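Undergrad: Here's a structure for you.
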Amino acid sequence: MSDKLETILAVARDHACNVIAPNVGAWNAEGAWPRAASDKAGAAGLTGIYASEDWGGQGLPLSQGIQVYEQLGFGDGAYAFALSMHNICTFAGCGYGTDAFKEKWARDLTSGRKLANFALTEPQSGSDPVKMYTRATINGDGTWTISGAKAWVSLANEADIYFTVVKTSDAPGHKDMAMIAIPADAPGISFGPLYDTPSYNFLPMSEMYLDEVRVSEDNIILPISQGLQGSLMAIDIARVSIASGCCGLMQAALDTALSYSKNRKMFGGKNLELDGIQWMLGEVATDLEVSKLLYRKAAEALGTPEGPLMAAHAKRFVPDAAVKAANTCTQVLGGMGLLQPYGLDRLSRLAQMLRIVDGTTEISRVVIGRALQKRAYGLPDLPIPKGYGEVNEQSATMAAE
Ligand SMILES: Cc1cc2nc3c(=O)[nH]c(=O)nc-3n(C[C@H](O)[C@H](O)[C@H](O)COP(=O)(O)OP(=O)(O)OC[C@H]3O[C@@H](n4cnc5c(N)ncnc54)[C@H](O)[C@@H]3O)c2cc1C
């Protein structure tokens, strides 16, 4: 492990243990994004993980930087998710943005002074983003005028800029899609009521309305025709980041169960001395190790032709393992597992949320299924055992009659 990675992981661990974990209950009660905490994350180098050092970032490759969310997820999965989306936008802006955009925004984003989020989902289009309506019209002076509505926008009314995916014509399909960064103070942008999400109430989420919002062409991040492709790449990074965050969540659940179980007296011994309890927690421990290996392998594949499939494997397996881990650890504590101070109920709900966000588990299965079909077509046909096909054909003819 490089010194730089080791340092940033230690910083992230410290942030999770000393800034997130002791305060997340209060943040949820307050129901507001903890800007002072994300400012600290920025000052500690956690808001420009992949952006180049020239722009104030850490310049870590995706394969390494993604491990930061495993540390942050130990504190809270929703907080880790929000910072991961900010880092992906910052990476896109610093890597693909125009020179004017970078001059204006890059250092504020990498330092965390300004926060960014990604707006793709719309009320009628989540898993099927091609069904989006948000439309940009390109004006004679090069500016874009954008109208439409986005849904499930995280850091709603809190982020300073929204990396928004738009269509640029009425043509069906994705060829005319683009991504443009819309500043939060642009005239015509507004937000709906906040969604009510008790387990991560501090993460503001709502619909975002765009009413003839005029944006400079300097803010184009992915030009027409690259919008969907670039967004899918961003989502692959997001999927692996979620899997990384889930590993932190699983570790937090396991540690809570172990801390409780080692002292809980029963049947003349301790709960953790029971074989059945060790087996339950042993399965969680194995799933955690497998999950770490899988997301790290998927992170290495990002940007290669294997990237989307590996991201789908990680997003399919790890959040499911996290749901199972949070539920198993709750069970190990018996009734105490349901009490608020232990936080296991919150972890179960967070794990379920992480199964949905950035492409559901089912969408990952669709990606994997398509890859399997492709592989199947490249394999030789199996010979049908003599007599078997004829019988089948005979029965099919009889059934048709
Ligand atoms: C906490 C949270 C934060 C979010 N933040 C953002 C954000 O910042 N920016 C943003 O753009 N989006 C965000 N999202 C949106 C998120 O990406 C979508 O919720 C997700 O893509 C699913 O879309 P949907 O909710 O519309 O579900 P739908 O697309 O309506 O799906 C409904 C169900 O159908 C299933 N399904 C869909 N297609 C298939 C299929 N082919 N086969 C089998 N089953 C299928 C789905 O898996 C799901 O179970 C956020 C979501 C959550 C929960």
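The values are calculated or read from the model by the stated rules, or taken from the named source; none is laboratory data. What you see is a predicted model; the values in this text were computed from it and never measured. Here the Cβ is made from the backbone with ideal geometry for all residues, glycine too, and neighbour counts use every protein chain on show.
For every residue, the table says whether it meets (1) away from the ligand (no atom under 16 Å from the Cβ); (2) more than 20 Å from Phe101 (Cα to Cα).
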site: Ala151; (1), (2): no, yes
site: Ala171; (1), (2): yes, yes
site: Asp185; (1), (2): yes, no
site: Asn219; (1), (2): yes, no
site: Pro223; (1), (2): yes, no
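Undergrad: Just one of the numbered conditions (1) surrounded by fewer than 18 Cβ atoms within 10 Å (Cβ to Cβ); (2) in a helix (DSSP H, G or I); (3) more than 16 Å from the ligand (Cβ to nearest atom) is not true of Leu232; which one?
TA: Status for Leu232: all satisfied but (3).
Undergrad: Find all pairs meeting these conditions: Cβ atoms under 7 angstrom apart; at least six residues apart or on different chains; first residue within segment 188-201 and closer than 21 Å to Leu350 by Cα; second residue in a strand (DSSP E or B).
TA: Leu194/Met205; Leu194/Ser206; Tyr195/Met205; Tyr195/Ser206; Thr197/Met205
Undergrad: Oh, and also: Could you check segment 73-97 and list, in sequence order, the residues that are touching a strand residue (DSSP E or B) at 6+ places or on another chain (Cβ under 9 Å) and either in a loop (DSSP other than H, G, I, E, B) or within 14 Å of Val19 (Cβ to Cβ) (or both)?
TA: Ala82, Gly97
Undergrad: So, one more: How about segment 198-217: which of its residues are of a type outside the set (Ser, Thr, Tyr) and either crowded, with 18+ Cβ neighbours inside 10 Å or modelled with pLDDT under 95 (or both)? Outline the logic, then answer.
TA: Within segment 198-217, the subset of a type outside the set (Ser, Thr, Tyr) is 198, 201-205, 207-208, 210-215, 217.
Within segment 198-217, Pro198, Asn201, Phe202, Leu203, Pro204, Met205, Glu207, Met208, Leu210, Val213, Val215 meet the criteria.
Undergrad: Of the residues Leu109, Leu46, which is in a loop (DSSP other than H, G, I, E, B) and hydrophobic (A, V, I, L, M, F, W, C)? Write out each step before concluding.
TA: On the way: Leu109 fails: in a loop (DSSP other than H, G, I, E, B).
The unique qualifying residue is Leu46.
Undergrad: For segment 315-346, give me each residue that is on the phi < 0 side of the Ramachandran plot and among the small types (Gly, Ala, Ser).
TA: Of segment 315-346, the ones on the phi < 0 side of the Ramachandran plot are 315-333, 335-342, 344-346.
Within segment 315-346, Ala321, Ala322, Ala325, Ala326, Gly335, Gly337 qualify.
Undergrad: Right, here's the next one. Suppose the filter is β-branched (Val, Ile, Thr) and surrounded by fewer than 18 Cβ atoms within 10 Å (Cβ to Cβ); does Thr168 pass it? Working first, answer last.
TA: Details: β-branched (Val, Ile, Thr): yes; surrounded by fewer than 18 Cβ atoms within 10 Å (Cβ to Cβ): no.
Against the criterion (β-branched (Val, Ile, Thr) and surrounded by fewer than 18 Cβ atoms within 10 Å (Cβ to Cβ)), Thr168 does not qualify.
Undergrad: For segment 281-298, which residues satisfy the criterion of being within 11 Å of Lys324 (Cβ to Cβ) and buried (at least 17 other Cβ atoms within 10 Å of the Cβ)?
TA: Scanning segment 281-298 gives Val284, Asp287, Leu288, Ser291.
Undergrad: Oh, and also: From the residues in segment 124-136 that are touching a residue at least 12 places away in the same chain (Cβ under 8 Å) and outside any loop (DSSP other than H, G, I, E, B), which one is nearest to the ligand (Cβ to nearest atom)? Step through it out loud before you land on a result.
TA: To start, the set of residues in segment 124-136 that are touching a residue at least 12 places away in the same chain (Cβ under 8 Å) comprises 126-127, 129-130, 132-136.
Then drop every residue that is not outside any loop (DSSP other than H, G, I, E, B), which leaves 129-130, 135-136.
On the way: Pro129: 8, Val130: 12, Arg135: 16, Ala136: 16 Å.
Within segment 124-136, the match that is nearest to the ligand (Cβ to nearest atom) is Pro129.
Undergrad: Would you mind stating whether Asp185 is part of a loop (DSSP other than H, G, I, E, B), out of contact with any Phe, Trp or Tyr (no Cβ under 9 Å at 6 or more places or on another chain) and modelled with pLDDT of 95 or more?
TA: It is true that Asp185 is part of a loop (DSSP other than H, G, I, E, B), out of contact with any Phe, Trp or Tyr (no Cβ under 9 Å at 6 or more places or on another chain) and modelled with pLDDT of 95 or more.
Residue by residue, here is whether (1) out of contact with any helix residue (DSSP H, G or I) (no Cβ under 8 Å at 6 or more places or on another chain); (2) of a type in the set (S, T, N, Q); (3) assigned by TED's automatic domain parsing to the domain that holds Ile221 holds:
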site	(1), (2), (3)
Gln124	no, yes, yes
Thr137	yes, yes, yes
Gly148	yes, no, yes
Val166	no, no, yes
Ala181	no, no, yes
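Undergrad: Oh, and also: Tell me yes or no: at least one residue of segment 238-247 is farther than 18 Å from Leu83 by Cα and within 12 Å of the ligand (Cβ to nearest atom). Don't jump to the end; show me each part of the working.
TA: Let us first name the residues in segment 238-247 that are farther than 18 Å from Leu83 by Cα, namely none.
So far as segment 238-247 goes, no, none of its residues is farther than 18 Å from Leu83 by Cα and within 12 Å of the ligand (Cβ to nearest atom).
Undergrad: Surrounded by 20 or more Cβ atoms within 10 Å (Cβ to Cβ), in the same structural domain as Arg135 (by TED's automatic domain parsing) and either of a type in the set (D, E, K, R) or without any contact (Cβ under 8 Å) to a residue 24 or more places away in the chain (or both): does that describe Lys175?
TA: Values: surrounded by 20 or more Cβ atoms within 10 Å (Cβ to Cβ): no; in the same structural domain as Arg135 (by TED's automatic domain parsing): yes; either of a type in the set (D, E, K, R) or without any contact (Cβ under 8 Å) to a residue 24 or more places away in the chain (or both): yes.
Answer is no for this residue.
Undergrad: Among the helices (runs of 4 or more DSSP H) contained in segment 307-397, which hold 1 or more residues that are farther than 29 Å from Thr197 by Cβ? Give the steps one after another, and end with the answer.
TA: Details: elements: 307-332, 344-356, 361-378.
Because the criterion is at least 1 residues that are farther than 29 Å from Thr197 by Cβ, the helices (runs of 4 or more DSSP H) in segment 307-397 that meet it are 307-332, 361-378.
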